[in-house]
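Here is the structure we will look at.
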Amino acid sequence: MLEGYAYHLTHRCHNRDFLLGFARDRDAYREWLRVGARRYNVPVFAYAITCNHVHLVVHVRDREAVGRLMDLAAGATARQYNRRKSRSGAFWEGKYHATAVESGVHLWRCLRYADLNMIRAGKVTHPREWRWCGYDELTGQRERYRILDTDGLTEHLRGVVSSSLFETYAAYMEKTLAARTAIRETVWTKGLAVGSRPFVERVVREVGRSEIQYVQWSSLGAESWCVREDAQSAYAVKCELKKGS
């Protein structure tokens with residue numbers, strides 16, 4: 001991860017098993033996330049804890065601090081689960097995946113992607129029905145045990161949110177749900193970077209990749225680009241065409 005950027009992080013359970021299927025384990029992960037965000041001073045902008053994976057959107061001010069946060073939340077949750085179940089072995093499927101996300105409209109869409117996870121899974125019809133995501137905080141409905149840095153997020157959303165973050169995000173989600181556009185966008189979970197072409201090129205240049213191919217996809221009427229590492233090569237990078245919504 002590069003410092004100074006927002007990142008979407010995805011961490012899956014081993015073999016994609018439903019190891020977070022119990023509410024107590026999702027509660028545990030969320031509490032350790034809250035503790036870790038404060039302990040290591042990591043701004044968290046969004047999260048979604050599903051039954052077999054988690055999504056986080058963070059601002060990487062200190063790469064090592066983000067690593068410590070992820071180690072704490074993942075490790076403590078796994079130890080508690082394994083001890084309760086008298087289980088041994090891996091709980092998580094290796095290291096989490098990280099996608100750099102440009103501030104502004106692309107970050108705005110990424111927040112929505114995280115909160116719509118359980119709707120795409122068919123478990124709920126509205127994000128307010130799934131209490132293990134950041135929707136309540138992003139709409140100002142949760143006051144205690146907050147995790148999200150909404151002040152920092154507002155700074156990253158300049159040009160998108162001009163008034164109340166809470167009201168604007170609530171309206172944005174209602175419009176999305178009314179349009180039935182809770183689509184699965186793999187760019188957020190498989191990409192190296194998502195944003196404008198200059199942003200994507202800068203990230204790739206700083207990461208040090210080569211042999212890059214770009215494919216444009218539309219997002220809220222703005223030009224957007226995604227670059228994704230090719231699984232067939234350690235160096236080649238490719239993009240995936242996506243339709244915006």
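Below is a table of values for the structure above.
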| item | result |
| --- | --- |
| Count - residues of the range 124-143 that are of a type in the set (Asp, Glu), open to solvent by 30 Å² or more (accessible area, probe 1.4 Å) and not in a loop (DSSP other than H, G, I, E, B) | 2 |
| Criterion violated by residue 95 - all others in (1) over 21 Å from residue 160 (Cβ atoms); (2) assigned to a helix (DSSP H, G or I) satisfied | (2) |
| Residue identified as farther than 18 Å from residue 97 by Cβ and in contact with a Phe, Trp or Tyr (Cβ under 6 Å, 6 or more places away or on another chain) among 28, 76 | 76 |
| Yes/no for residue 17 being farther than 24 Å from residue 166 by Cα and either at pLDDT below 95 or of a type in the set (Asp, Glu) (or both) | yes |
| Selection count, the range 48-73, where residues are open to solvent by 10 Å² or more (accessible area, probe 1.4 Å), within 27 Å of residue 203 (Cα to Cα) and touching a strand residue (DSSP E or B) at 6+ places or on another chain (Cβ under 6 Å) | 2 |
| Complete set of residues in the range 103-123 that are aliphatic (A, V, I, L, M), open to solvent by 20 Å² or more (accessible area, probe 1.4 Å) and not in a helix (DSSP H, G or I) | 121 |
| Qualifying residue in the range 54-65 (condition: of a type in the set (A, V, I, L, M), modelled with pLDDT of 95 or more and over 22 Å from residue 133 (Cβ atoms)) | yes |
| Count of the range 153-184 residues which are under 16 Å from the mean Cα position of the chain (by Cα) and more than 18 Å from residue 133 (Cα to Cα) | 2 |
| Search result, residues across the range 14-69 that are assigned to a helix (DSSP H, G or I) and of a type in the set (S, T, N, Q) | 15 |
| Helices (runs of 4 or more DSSP H) (entirely within the range 144-200) containing at least 1 residues that are out of contact with any Cys (no Cβ under 8 Å at 6 or more places or on another chain) and surrounded by fewer than 12 Cβ atoms within 10 Å (Cβ to Cβ) | 150-156, 165-178 |
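The values are calculated or read from the model by the stated rules, or taken from the named source; none is laboratory data. These numbers come from a predicted model, not from an experiment. Positions of Cβ are generated from backbone atoms using ideal geometry, with glycine treated the same way; all protein chains shown enter the neighbour counts. Heads up: the accessible areas ignore ligands, DNA and RNA and are worked out on the full protein's heavy atoms, side chains in. Shrake-Rupley method; radii C 1.70, N 1.55, O 1.52, S 1.80 Å.
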